[in-house]
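J.: Pasting a structure here, questions to come.
Bear in mind that the values in this text are calculations on the coordinates, not laboratory data. Bear in mind the structure is a predicted one, so any value in this text is a computation, not a measurement. Note: ideal-geometry Cβ built from the backbone for every residue, glycine included; neighbour counts use all protein chains shown.
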Amino acid sequence: MALVPLAILEATMIRCEYLNRRYAQVKDKYHTLIEDVMERGKVFNGHYTSVAEHRLQLLTGRKHAVLTSSCSVSLLISMYAAGIGAGDEVIITAYSCPASETFVHLVGATAVFVDVDETGNMISGDIEPAITERTRAIVATGLYGDMHDHASISELCKKYNLLYVNDAAQSMFSHQHGVTSLSTGDVVCMSFAENKPLPSLATGGAVLTDNTEFYYKFLHLRNHGKPGRRLPYTHFGVRGVPDEDLAVQLLCTMDCFDEWQQRRFEIAAYYDKEFTSRSVPLRPHTTEWNAHKYAIMFEDKFEAQAQLAKLGIESEPHYPNILPQSGNYPGAERFVKQSLSIPVNAHMTDAEAEQVVDTVEQVWKNNIT
Ligand SMILES: Cc1ncc(COP(=O)(O)O)c(C=O)c1O
């Protein structure tokens, strides 16, 4: 039997994201605005950065929105703005991508991990026992599209005078008991990476706050310590200033956001119905989530991922490791072994969604030991 070349297999795969289909939808506006950027002659921190920041303020209801090059940079400058560093502790989840932890080490603080529940989100009852006199912040990471436990975390932050950072890279625009994710936290960090609920065409981030002192610090911190080209340095900082291209991409994708969300909800509702009736175990999600990632709990997700790939379905092993280097985190370990994200995106066809359901069911049956 002749082997099918990998490139052909990959081209026909049902994908977690379709940059080509997303681009096709926005490209006319994108090229018009990029031409204007070139006419204006300012590629950093120019007109479209201000427009996108203003639109983010309106969309999120927060007083200040500062675009950055990534959510990782937003998390880092949140720590710097609050003066968190050596000798301080920051409470974070034991289960997420490395970006949910790295910034703590970069500022020289210590990460204190909290295990996750059956949704993959921090067990809020485990947070208070982890607080010590050195704790300075709680980073609330909402995973898979569910919002973190806002009521408990905000109460703890008030009680112990801690910075409340909302790592909303995945949970943006989800809700909890009617409270919208982006309205919570002293500082909110957003990601516009291609696989996020509000994706740009490449990557990018933002930091939101109602605190005007933080706002001015963010303007400096994202730009090596000076807010504009000819302005003096008043602070140290990082190279995290966005370019106009990112702002333009974001303005284009924001126009499509409602339509894309609607479609993701449609597919997720279809999956819920089908997988429940076929008894395929799912990661439980709330009714107020944003349908960002759809995870199936396999007995051995890496085996399932390999089988799905052979059958033409891409999947993502969120995540292949727990974050702590040592300690006992059974909730996070369970997710590392079992949770596999399958395609749920606005650009899938009905036929592709149906094929995903049938193939996942077949692989899940093979995967039962
Ligand atoms: C929960 C979470 N936080 C932070 C990040 C970092 O986002 P960025 O790629 O924009 O730095 C990610 C990215 O995957 C994420 O999933």
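J.: Kirkwood Rh over alpha-carbon pairs of the chain, then Stokes-Einstein at 10 °C and 1.306 mPa s: what D in µm² s⁻¹, rounded to an integer?
T.: It comes out at roughly 74 µm²/s.
J.: So what J values fall out for region 119-133 if you push phi through Karplus, 6.51 cos²θ - 1.76 cosθ + 1.60 with θ = phi - 60°, rounded to Hz, Gly and Pro as x?
T.: Working through the residues one at a time gives 9, x, 10, 3, 6, 5, x, 8, 6, 4, x, 8, 7, 10, 5 Hz.
J.: Starting from the Cα-Cα distance between E361 and E303, subtract it from 0.36 nm times their residue separation and give me the gain in nm to one decimal.
T.: So the extension gain works out to 19.5 nm.
J.: State the extension gain, in nm to one decimal, for the chain segment bounded by Q325 and T180, taking 0.36 nm per residue of separation less the distance between their alpha-carbons.
T.: Extending this stretch completely gives an extra 48.9 nm.
J.: Stretch H224-E133 to full length: gain in nm at 0.36 nm per residue minus the Cα-Cα span?
T.: 29.6 nm
J.: With unit charges on the beta carbons (Lys and Arg positive, Asp and Glu negative) and the dipole taken about the Cα centre of region 42-252, which residue among I123, Y215, A137 sits farthest to the positive side?
T.: So the residue we want is Y215.
J.: Here's another thing I want to ask about it. Given +1 on the Cβ of Lys and Arg, -1 on the Cβ of Asp and Glu, and no further charges, what dipole in debye does the chain carry about its Cα centre, rounded to the nearest 20?
T.: The dipole of the chain has a size of about 1040 debye.
J.: Let me ask something additional. Can you give the longest stretch of the chain with no exposed loop site, where a site means chymotrypsin sites (Phe, Trp or Tyr not before Pro) in a DSSP loop (not H, G, I, E or B) with at most 15 other C-beta atoms within 10 Å?
T.: That gives 1-232 as the longest site-free run.
J.: Right, something else. Each label point is 7 Å from the Cα along the Cα-to-Cβ direction; what then is the distance between the points at T287 and E39, in nm?
T.: 4.9 nm
J.: Of L208, L219, L182, which is the most mobile in a GNM of the chain whose springs link Cα atoms less than 10 angstrom apart?
T.: Comparing L208, L219, L182 in the GNM, the peak value goes to L219.
J.: Apply 1/(1 + (r/R0)^6) to the Cβ-Cβ distance of Y160 and K63, taking R0 = 22 Å, and write down the FRET efficiency to the nearest 0.05.
T.: About 0.35, to the nearest 0.05.
J.: Apply 1/(1 + (r/R0)^6) to the Cβ-Cβ distance of S50 and I368, taking R0 = 45 Å, and write down the FRET efficiency to the nearest 0.05. Mind dumping the intermediate values first?
T.: Details: r = 55 Å, r/R0 = 1.22.
Efficiency for this residue pair is about 0.25.
J.: What shape does region 304-369 have by the C-alpha gyration tensor, where a ≥ b ≥ c are the square roots of the eigenvalues, rounded means a/c under 1.5, and otherwise prolate means a/b greater than b/c and oblate the rest?
T.: prolate
J.: If you take the charge dipole of region 219-369 about its Cα centre, with +1 on Lys and Arg Cβ and -1 on Asp and Glu Cβ, which of L246, S339, A269 is farthest toward its positive end?
T.: It is L246, whose Cα lies furthest towards the positive end.
J.: Let me ask another. Which whole-angstrom value gives the distance between the alpha carbon centres of region 244-269 and region 186-210?
T.: Taking the Cα centre of region 186-210 as reference, the centre of region 244-269 is 12 Å away.
J.: How large is the charge dipole for region 42-252, taken about the Cα centre, if only the Cβ atoms of Lys, Arg (+1) and Asp, Glu (-1) carry charge, to the nearest 20 debye?
T.: 1120 debye
J.: Hey, what D do you get for region 1-153 in µm²/s if you plug the Kirkwood alpha-carbon radius into Stokes-Einstein at 25 °C and 0.890 mPa s? Can you show the working numbers first?
T.: Details: Rh = 19.4 Å.
Roughly 127 µm²/s, to the nearest whole number.
J.: Using Cβ contacts closer than 10 Å as the measure, can you line up S279, S183, S191 from fewest to most?
T.: Details: S279 9, S183 15, S191 27.
Ranked by crowding around the Cβ, least crowded first: S279, S183, S191.
J.: Enter the mean projected area of the convex hull around the alpha-carbon atoms of region 42-252, in nm², rounded to one decimal.
T.: Values: hull surface 43.8 nm².
If you wrap the Cα atoms of region 42-252 in a convex hull and average its projections, you get 10.9 nm².
J.: Now, a different point. With θ set to phi - 60° and the Karplus curve 6.51 cos²θ - 1.76 cosθ + 1.60, what are the ³J(HN,Hα) couplings of region 336-351 in order, to the nearest whole Hz, using x for Gly and Pro?
T.: 3J(HN,Hα) across region 336-351, in whole Hz: 4, 7, 10, 8, 10, 8, 9, x, 9, 9, 5, 9, 7, 8, 4, 4.
J.: Given a Förster distance of 35 Å, report the FRET efficiency between S277 and A151 from their Cβ-Cβ distance, rounded to the nearest 0.05. Don't skip to the answer; put the middle values down first.
T.: Numbers: r = 34 Å, r/R0 = 0.96.
The computed FRET efficiency comes out at 0.55.
J.: Determine which aspartates and glutamates satisfy two conditions relative to K158: a Cα distance under 15 Å, and not lying fewer than 8 residues away in the same chain.
T.: Once the sequence-local aspartates and glutamates are set aside, what remains near K158 is E128, E133, D149, D186.
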